[in-house]
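Some notes on the structure that comes next.
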């Protein structure tokens with residue numbers, strides 16, 4: 001059980017050479033990172049924080065949706081204020097919030113958030129990787145706001161309109177104004193909490209994948225210079241592969257359950273909205289469409305992160321092959337350390353010039369930047385051909401990437417899932433919002 005409490009330090013301090021040399025774990029105050037401070041609200045490393053965390057969860061994920069559905073069902077209201085799809089909306093949000101909360105609970109108790117995000121392993125990475133990873137964590141709160149606030153704004157607008165326009169129809173307890181204000185506040189808090197829970201886990205997945213992407217970028221830079229020790233290159237690649245296996249293992253249940261359940265909820269929503277006896281209008285199906293958009297967005301955050309790092313890891317193999325070709329063609333082993341001849345230098349310049357022209361003619365999408373890495377001239381002290389070929393063979397037969405129970409999450413996998421989920425979502429939007437056109 002992790003001993004790191006909510007006061008645990010989360011990131012290493014400024015890059016201190018002594019800390020790197022001594023392999024200590026320099027610490028950094030958690031207060032600097034507002035997103036990580038938010039994540040620590042779900043910390044369950046001791047009894048007090050666990051009790052508070054579970055109490056808030058049951059209140060906003062279980063109790064409030066049940067009260068909202070059964071006490072505010074408003075079956076006698078006009079068609080603008082009825083909620084025939086409320087069961088699907090509440091179940092979908094609560095199920096995904098439950099999966100996210102249980103996952104966070106397990107990770108917090110088993111690893112602690114510092115170890116879970118590999119922050120205790122940053123002592124052996126370069127300064128560039130550490131700084132960019134810190135910046136990624138700092139950007140996470142903004143990403144959370146971008147994904148959560150728009151849906152909360154639309155939900156708040158709908159709820160406020162629903163209570164104001166249906167003031168005389170909506171059930172209340174004792175005082176209608178106070179009752180409606182409290183109910184609306186609790187419903188919006190529940191919506192925000194459940195949406196945020198799911199998106200937070202998706203962003204945590206993105207953060208862990210981003211660290212491995214940074215390490216792959218750093219590893220790929222060695223092919224743009226001289227490599228004299230193949231053992232160190234193999235060791236670094238093995239560390240990256242091991243970290244990717246750890247990430248895949250930790251998130252595999254969450255990813256698989258999210259994919260299955262988001263598809264199931266989309267089918268359930270479609271079957272409900274396509275019934276001939278059900279009237280479809282923006283007042284009744286607006287929440288359903290908004291809920292579907294939120295859930296599908298979270299799933300694609302995870303899938304895009306996994307696909308990006310898998311593609312990046314596979315690009316290292318092609319980069320190593322290009323490096324081996326350039327080193328073989330422009331080998332200086334026969335010169336015994338002498339200055340390269342002009343014809344060889346011209347051939348190297350020609351090779352690099354062709355590579356630059358090729359990369360400039362086509363616009364990259366950002367994921368292919370490793371394929372366009374420029375290979376610099378290889379000189380006499382570069383490792384021998386046998387070692388280069390052994391390294392390339394190793395990379396070809398030990399491709400890294402994110403997996404889900406052994407299935408590699410690559411672009412073909414993403415395209416298939418994207419096609420299914422997008423088709424379901426567009427069909428649902430056409431049956432709900434599109435019917436108003």
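The values are calculated or read from the model by the stated rules, or taken from the named source; none is laboratory data. Not measured: the values here are computed from a predicted model. Here the Cβ is made from the backbone with ideal geometry for all residues, glycine too, and neighbour counts use every protein chain on show.
Conditions (1) touching a residue at least 60 places away in the same chain (Cβ under 8 Å); (2) part of a helix (DSSP H, G or I); (3) at positive phi, marked per residue:
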residue: 130; (1), (2), (3): yes, yes, no
residue: 137; (1), (2), (3): yes, yes, no
residue: 143; (1), (2), (3): yes, yes, no
residue: 160; (1), (2), (3): no, yes, no
residue: 172; (1), (2), (3): no, no, no
residue: 179; (1), (2), (3): no, yes, no
residue: 182; (1), (2), (3): no, yes, no
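Cβ separations smaller than 9 Å between residues 6+ apart or across chains give no pair from segment 265-279 residues that are exposed (fewer than 12 other Cβ atoms within 10 Å of the Cβ) to residues that are modelled with pLDDT under 70 and assigned to a helix (DSSP H, G or I).
From 303, 270, 259, 290, which residue is modelled with pLDDT of 80 or more, assigned by TED's automatic domain parsing to the domain that holds residue 151 and more than 30 Å from residue 215 (Cα to Cα)? It is 290.
Return yes when residue 150 is at pLDDT below 90 and either under 21 Å from residue 66 (Cα atoms) or in a helix (DSSP H, G or I) (or both) and no when it is not.
Values: at pLDDT below 90: no; either under 21 Å from residue 66 (Cα atoms) or in a helix (DSSP H, G or I) (or both): yes.
Against the criterion (at pLDDT below 90 and either under 21 Å from residue 66 (Cα atoms) or in a helix (DSSP H, G or I) (or both)), residue 150 does not qualify.
Of all residues assigned to segment 73-86, at least one qualifies as being surrounded by 17 or more Cβ atoms within 10 Å (Cβ to Cβ), modelled with pLDDT of 70 or more and outside any loop (DSSP other than H, G, I, E, B).
Among residues belonging to segment 88-97 that are under 14 Å from residue 63 (Cα atoms) and more than 18 Å from the chain's Cα centre (by Cα), point out the one that is surrounded by the fewest Cβ atoms within 10 Å (Cβ to Cβ).
Once the filter is applied, the top-ranked residue is 91.
For residue 378, the conditions (1) at pLDDT 55 or above; (2) closer than 19 Å to residue 232 by Cα are fulfilled apart from (1). Whenever a residue of segment 184-210 is farther than 15 Å from residue 64 by Cβ, its partners that are outside any helix (DSSP H, G or I) and modelled with pLDDT under 90, lying with C-beta atoms within less than 8 angstrom and at least six residues away or across chains, give the pairs 204/117; 207/117; 208/117; 208/118; 209/402.
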